[in-house]
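First up is the structure itself, then whatever we jot down about it.
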Amino acid sequence: MKICHAALIGIGGFGVEHVNMMQKLAEEGSLQVVAFTEPNVDAHQESYNKLTALGVVHYTNHVEMLTHHPDIDFVTIATPIATHKPMCIQAMQMGFHVLVEKPPAITIQDLDEMIAVQRETGRLCQVNFQNTSGQAFRSLLEKLGSGALGQVEHVVGIGRWKRSRAYYDRTRWAGKLVNDGQYVLDGTFNNPFAHLLHNCLLAAGVEGTPNMYPQSVQAELYHVNDIEGDDVSCIRAIMDNGIGVHFYAMLCYEGSEEPSIAVYGTEGEAHWNYENKLTLRTRKGEEELAFGPVDLIHNMYANLIDAIENPGKPLFSPLEACRSFVLVSNGTYESARVVHAIPGKFMIEQPAGKSTVRLLPDLSEKMEDVAARRQLYSEYPFPWAEPSHPFPMKGYQRFKLPADMMQT
Ligand SMILES: NC(=O)c1ccc[n+]([C@@H]2O[C@H](COP(=O)([O-])OP(=O)(O)OC[C@H]3O[C@@H](n4cnc5c(N)ncnc54)[C@H](O)[C@@H]3O)[C@@H](O)[C@H]2O)c1
């Protein structure tokens with residue numbers, strides 16, 4: 001059988017992970033890397049050297065690259081978020097399968113355009129929500145589907161990390177809502193904790209229905225850093241099947257915790273975390289499933305290659321399965337209306353290597369308690385928190401950034 005041929009767009013930033021993975025797969029003999037596009041090679045010399053050492057051809061324009069290499073089976077798109085839609089559409093219309101970084105799109109209208117092209121062209125489009133591919137999470141979905149927890153009522157996700165100023169200074173679009181006139185909506189749930197929110201929403205679609213959409217979304221957005229977007233968020237999404245998804249995230253946590261999801265049903269509860277660990281507590285007792293370290297990105301490539309070679313094999317993270325994520329993301333901005341600045345008196349700023357980091361001690365200390373109560377921050381209440389209203393999502397088809405956010 002012919003080995004899959006692949007190309008990469010974007011070799012810096014998170015593209016480095018794709019360069020390394022492609023190099024690994026090429027060494028394993030399961031992939032031939034043919035070409036890559038990167039307009040700024042001077043800044044990414046190490047990746048450039050790795051790829052050219054494999055004989056991979058360099059381009060500065062992805063359309064030129066794809067035109068010159070009709071032999072490519074799939075192209076990985078690891079570029080800034082706003083470029084995903086045009087690149088995915090071009091690649092699929094030119095006949096290529098795609099592995100695109102998350103989030104696939106910012107707005108539901110963009111995602112729906114991408115889904116329409118994907119259906120028309122019959123190409124595969126895997127979204128690199130790599131946390132969908134670990135055995136512990138796959139087991140969680142299976143257990144939920146088989147009714148191990150009875151009727152699921154609530155899904156609660158908690159993400160607590162810290163990000164220094166250097167993180168926001170690393171690239172022009174970091175922390176922005178709009179960049180070069182295009183929506184970016186960079187923030188907790190659209191970027192670092194996108195995997196967590198996406199997995200929460202997949203866990204809420206337990207009845208074998210992958211596309212479980214939100215009925216309503218209520219959310220609060222805040223920042224402690226001087227950015228347009230959020231570094232503190234909470235979301236309550238009520239899904240069409242009545243399940244409540246409660247999501248809490250912060251990038252100004254004093255320590256660092258593995259993001260985790262708890263699922264509560266009428267017959268028990270399940271706890272999953274990024275360490276590929278799943279614990280079930282039901283009337284039968286406690287069951288712990290620890291699968292150990294796993295190479296999630298390898299899983300995503302292997303799954304796409306398998307689906308290309310064996311038509312009909314399901315993808316871990318097809319484009320369509322991201323509709324719920326993008327709807328909840330859009331609904332979050334519709335409900336929050338404003339990204340509130342948390343006053344300086346509530347935060348502390350300290351050195352972090354050559355950079356600095358801002359921390360929010362009261363939320364660091366109390367986030368687990370807020371999540372256990374399934375409250376929004378203004379309901380808890382924190383003195384810096386501002387209430388929002390639920391936003392109805394039925395029939396929602398078009399996102400436009402609330403006017404107050406455009407002025408930030
Ligand atoms: N899956 C994950 O866990 C994970 C983690 C981090 C980031 N990401 C995602 O990866 C994507 C890229 O994020 P980043 O922080 O690496 O971005 P970035 O701004 O660092 O850009 C990545 C690379 O794309 C290149 N690039 C930009 N425009 C290009 C173009 N038109 N053609 C070719 N190359 C181009 C840049 O020069 C750079 O090398 C985002 O979607 C982000 O959300 C995913």
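Look at the alpha carbon pairs under 8 Å that are at least 6 residues apart: their mean separation over the length of the chain gives a relative contact order of 17 percent.
Within a straight-line Cα-Cα reach of under 24 Å, residue 284 can be paired with the following lysines, leaving aside sequence neighbours fewer than 8 residues apart in one chain: 143. Ordering 169, 295 from the fewest to the most neighbouring beta carbons within 10 Å gives 169, 295. Taking a quarter of the surface of the Cα convex hull of segment 1-129 gives a mean projected area of 7.5 nm². Alpha-carbon geometry of segment 288-408: the Rg and the Dmax are 20.6, 58 Å, given in that order.
How high is the relative contact order of segment 5-67, in percent, counting Cα pairs under 8 Å that sit 6 or more residues apart? Averaging sequence separation for qualifying contacts and normalising by length gives 37 percent for segment 5-67. Divide the volume of the convex hull around the Cα atoms of segment 7-61 by the residue count and you get 61 Å³ per residue. Over the chain, the fraction of Cα-Cα pairs per 20 Å bin, rounded to whole percents and listed from the shortest bin up, is 27, 58, 15, 0.
If every alpha-carbon in segment 265-304 counts as one equal scatterer, what log10 I(q)/I(0) does Debye give at q = 0.16, 0.30, 0.32, 0.34 1/Å? Treating every Cα as an identical point scatterer, log10 I(q)/I(0) equals -0.53, -0.96, -1.02, -1.08.
Is the shape of segment 230-293 best called rounded, prolate or oblate, per the rule: a/c under 1.5 gives rounded, else a/b larger than b/c gives prolate, else oblate, with a ≥ b ≥ c the square roots of the Cα gyration tensor eigenvalues? In terms of gyration-tensor shape, oblate. Per the Debye formula on identical point scatterers at the alpha carbon atoms of segment 106-193, with no solvent, log10 I(q)/I(0) at q = 0.16, 0.19, 0.21 Å⁻¹ is -1.02, -1.14, -1.16. For the chain, a Gaussian network of Cα nodes joined below 10 Å ranks 217, 357, 98 by mean-square fluctuation, and the top entry is 357. Given a cut-off of under 8 Å on Cα pairs at least six residues apart, what relative contact order in percent is computed for segment 1-157? Across segment 1-157, relative contact order equals 19 percent.
GNM remark for the chain: springs join alpha carbons under 10 Å apart, and the peak mean-square fluctuation among 157, 15, 331 falls on 15. Rg over Rh for segment 214-360 works out to 1.03, both radii taken from alpha-carbon positions and Rh defined as the Kirkwood radius. Given the pairs 176/345; 85/313; 2/50; 50/162; 24/277; 277/345, which span a C-alpha to C-alpha distance of over 29 angstrom in this model? With Cα atoms farther than 29 Å apart: 50/162; 277/345. Assuming charge only on the beta carbon of Lys and Arg (+1) and of Asp and Glu (-1), the dipole of the chain about its Cα centre is about 300 debye to the nearest 20.
A short reminder: the numbers here are calculations on the coordinates, not readings from a lab. In this text the structure is predicted, and so the values were computed from the model without any measurement. Quick reminder, even Gly has a Cβ in these numbers, built from the backbone with ideal geometry, and neighbours come from all protein chains shown.
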